[in-house]
1. Tell me whether the stretch 133-236 comes out rounded, prolate or oblate; compute the Cα gyration tensor, take square roots of the eigenvalues as a ≥ b ≥ c, and use a/c under 1.5 as the rounded threshold.
2. Taking 0.36 nm per residue of sequence separation and subtracting the Cα-Cα distance, how much length would be gained by fully extending the chain between residue 88 and residue 303, in nm to one decimal?
3. Which of the three applies to the stretch 1-42, rounded, prolate or oblate, going by the alpha-carbon gyration tensor with a ≥ b ≥ c and a/c under 1.5 meaning rounded?
4. Simple spin-label model, 7 Å along Cα-to-Cβ: residue 57 to residue 198 in nm?
5. How far apart, in nm, are two points set 7 Å out from the Cα along the Cα-to-Cβ line at residue 283 and at residue 81?
6. Is the shape of the stretch 18-134 rounded, prolate or oblate, going by the alpha carbon gyration tensor and its root eigenvalues a ≥ b ≥ c, with a/c under 1.5 for rounded and a/b larger than b/c for prolate?
7. Mind giving me the nanometre distance, one decimal, between the label points for residue 241 and residue 212, set 7 Å out from Cα along Cα→Cβ?
8. If you build a Gaussian network model of the chain, linking Cα atoms that sit under 10 Å apart, which residue out of 81, 62, 259 swings the most?
Ligand code: NAP
């Protein structure tokens, strides 16, 4: 694959990229999907998905990613693993530079590079990551059997994963910086009804303490009062940051957060370049709309390619 040219390259293999891959493969386009790690993206970090249509009993994030990949492969998805370090989008032929020196080029590109968990940015966080500080409840919850863990955040991820953590931990303390959760009502109701979850409102975590592992966290409430909470682990689930380090943000006219704006058809400011999924500048980040955007992006790419020839 190295140094080859394709009509369409899809950068990223989460739900947006895998759906784009399905549509491109099914349309028999000359395509290649490039993924850095495991196909599935952030959905692999989600324990259980209850709101992806077609699965009336819900499905695990891992199983959903596997099914998406299998479906795209049934139509002969072309894919490869590689770490793209930069993109040159200044010419009609777009070029991808890989970490190992290889390059690829394409006429149209769909950026589905996704997002990653936002860190808290407090003392102790980096040092204790993997030693009690986690960004993935699905991955790490089983380590906290019969223990007390904190969850930081008030969005769908934090509240949903707090519920999931109670399958293992004895006690989950959810710490939120406001007095009202951002999560969807049904997710909130489930958490409020769970006797293993308690809530600390109007409070932020200012430091994570411990030597071999997390032992205590320091809290600061709205009244300026500080306190310490003894916990065995802390799950930081406070939203996402864009995976944009390889993207030319100026030419793509990235927003202030580094996400990529598009029109309704997922077209970016660069002709022939689409963006789909969590890397797009938008309010709603759901698996189902990432998948929808992946499909839309391939149709936009087809239209662009048709006008080229
Ligand atoms: P989110 O919806 O952006 O929520 C982030 C939460 O973290 C907010 O409650 C925010 O507080 C808090 N926060 C942000 N920065 C903070 C900081 N520095 N310190 C303390 N708290 C901070 O993020 P998310 O929950 O990861 O969800 C991301 C996207 O995925 C959303 O669109 C979400 O709906 C979607 N999602 C959907 C599902 C589902 O449908 N089942 C599941 C998971 C995620 P404020 O509320 O005060 O801003």
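FYI, it's all coordinate maths here, none of it is from the lab. Note that this is a predicted model, so its numbers are computed, not measured. With ideal geometry, Cβ positions are generated from the backbone for all residues, glycine too; neighbour counts draw on all protein chains shown.
1. Judged from the Cα gyration tensor, the stretch 133-236 comes out oblate (a/c at least 1.5, b/c at or above a/b).
2. 75.2 nm
3. Since a/c reaches 1.5 but b/c is at least a/b, the shape of the stretch 1-42 is classed as oblate.
4. With each label placed 7 Å out from Cα toward Cβ, I get 3.6 nm.
5. Result: 3.9 nm between the two label points.
6. Because a/c hits 1.5 or more and a/b fails to exceed b/c, the stretch 18-134 counts as oblate.
7. Using points 7 Å along Cα→Cβ, the separation is 3.1 nm.
8. Highest fluctuation among the options: 81.
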